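What follows is calculated from the coordinates using simple rules that are stated; it is not laboratory data. No experiment lies behind these values; they were computed from the predicted model shown. Cβ sites come from the backbone with ideal geometry, for glycine too, and all protein chains shown count toward neighbours.
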Amino acid sequence: MKVVVDLARCQGHARCEDLCPEVFATDAVEGKCVIAQPEFPPELEARVRLAVRNCPEGALRIAKSATGAA
């Protein structure tokens with residue numbers, strides 16, 4: 001699985017980074033979400049899903065990876 005961000009919707013609250021800093025970061029210039037690890041390992045799935053659900057703007061989503069798994 002992988003996670004993607006819609007930067008047009010992101011407002012830089014950084015809840016995603018707070019919940020899962022292994023996958024999410026914040027751009028130092030614009031203050032928006034950066035996906036540090038787009039294809040995340042299974043052991044981080046619960047925390048990534050929590051971060052996606054907690055995005056106030058709904059700017060994050062989980063997508064199918066290159067292997068086709070979602």
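Here are a few things to note about the model shown:
- Lys2 being under 12 Å from the mean Cα position of the chain (by Cα), of a type in the set (Lys, Arg) and at negative phi: yes
- Residues of segment 11-58 that are touching a residue at least 40 places away in the same chain (Cβ under 8 Å) and not in a helix (DSSP H, G or I): Gln11, His13, Cys55, Pro56, Glu57, Gly58.
- Count of residues meeting criterion [in contact with a strand residue (DSSP E or B) (Cβ under 8 Å, 6 or more places away or on another chain) and surrounded by fewer than 18 Cβ atoms within 10 Å (Cβ to Cβ)] in segment 33-51: 6
- Members of segment 24-54 found to be under 9 Å from the mean Cα position of the chain (by Cα) and either of a type outside the set (Val, Ile, Thr) or more than 17 Å from Ala8 (Cα to Cα) (or both), listed by number: Phe24, Ala25, Cys33, Ala36, Gln37, Pro38, Val48, Arg49, Ala51
- Whichever residue in segment 12-32 is surrounded by 15 or more Cβ atoms within 10 Å (Cβ to Cβ) and in contact with a Leu (Cβ under 8 Å, 6 or more places away or on another chain) and, among such residues, is farthest from Met1 (Cα to Cα): Lys32
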